[in-house]
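Reading through the structure tokens given below for one structure.
The values are calculated or read from the model by the stated rules, or taken from the named source; none is laboratory data. Here the structure is a predicted model, which is why all the values come from computation and not from measurement. Cβ placement follows ideal geometry from the backbone for every residue including glycine, while neighbour counts extend to all protein chains displayed. Calculation scope for accessible area: heavy atoms of the full protein, side chains included, ligands and nucleic acids excluded. Shrake-Rupley method; radii C 1.70, N 1.55, O 1.52, S 1.80 Å.
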Amino acid sequence: MTYDTILTALADPTRRAVLDRLRGGPMAVGRIADGMPVSRPAVSQHLKILLDAGLVSVQGKGTRNLYALVPGGAAPLGDWLGDLRADRPAPGPAGGLQRSLTTRLTPAEAWKLFCDDIAIWWPVARVSLSARSDGALPQGVTLDAAEGGILREVLFDGTQGDWARVTRAVVPEQLMLDWRLGTPDGSVVALAFAAEPGGSRLTLTHDADDGDTAAMWDTVLDRFAAAANSSLSNF
């Protein structure tokens, strides 16, 4: 699927509202249409466009068809938008790496996107335990952004793989992680969310700096920036 097809699908506010409703999980068309300012047949037409764009999937369950978001469905658009970023990653400090980007979100909104909505934008096809092992892609990614919370992937069979443990959380300013993905012996990742005129700045530091680690965070933060700066945090 090309990014222009996705852009066309997202141009309509009703289709964006449909995607927003599907954030809560699979739904039948009647439930999606409930309370919307358009008819159920119109919602069905919008769903067809979203299906053709690869943003949603449909699965029969009994007598109903359930629609759901496709994980990573907006990836082509996110990758294209990421290439437009003016603030490319900064060089890292000695003994580690540092990346910094600006968004038009407030620190609280950026925190929510990074922590609460991580499953929507995280590039699981390229950054996950499953991607490293050539296994099935995760069904989802979850982050409990509180001290002692876990960042993990969940597979369709219910198995889980932990990536990191939260060692410090100051909402919406700072998140520190004992990071294990790619550094099984442990490393330290710190994220800071700071207000700036017109939005906020996210600064990430990682005390492990090699080619794989740098590529991982470049991929992750490009996807995050694309979602944040294009107001696609719902997708």
Is it the case that V38 is surrounded by 15 or more Cβ atoms within 10 Å (Cβ to Cβ), farther than 25 Å from A226 by Cα and over 18 Å from the mean Cα position of the chain (by Cα)?
-> no
Check A195, A164, A227, A214 and return the single one that is assigned by the TED database to the domain that holds E109 and either out of contact with any Leu (no Cβ under 9 Å at 6 or more places or on another chain) or of a type in the set (S, T, Y) (or both).
-> A195
Restrict the check to region 52-59 and report whether at least one residue is at pLDDT 90 or above, closer than 20 Å to A125 by Cβ and surrounded by fewer than 19 Cβ atoms within 10 Å (Cβ to Cβ).
-> yes
Are any of the residues in region 97-108 part of a helix (DSSP H, G or I), open to solvent by 20 Å² or more (accessible area, probe 1.4 Å), in the same structural domain as V170 (by the TED database) and modelled with pLDDT of 90 or more?
-> yes
Exception for R132 within (1) in a helix (DSSP H, G or I); (2) open to solvent by 50 Å² or more (accessible area, probe 1.4 Å); (3) closer than 19 Å to A227 by Cβ falls at (3)
Look at A17 and say whether it is open to solvent by less than 80 Å² (accessible area, probe 1.4 Å) and closer than 16 Å to I120 by Cβ.
-> yes
Limited to region 120-142, what total is found for residues that are in contact with a strand residue (DSSP E or B) (Cβ under 8 Å, 6 or more places away or on another chain) and either more than 20 Å from V56 (Cβ to Cβ) or in the same structural domain as L22 (by the TED database) (or both)?
-> 4
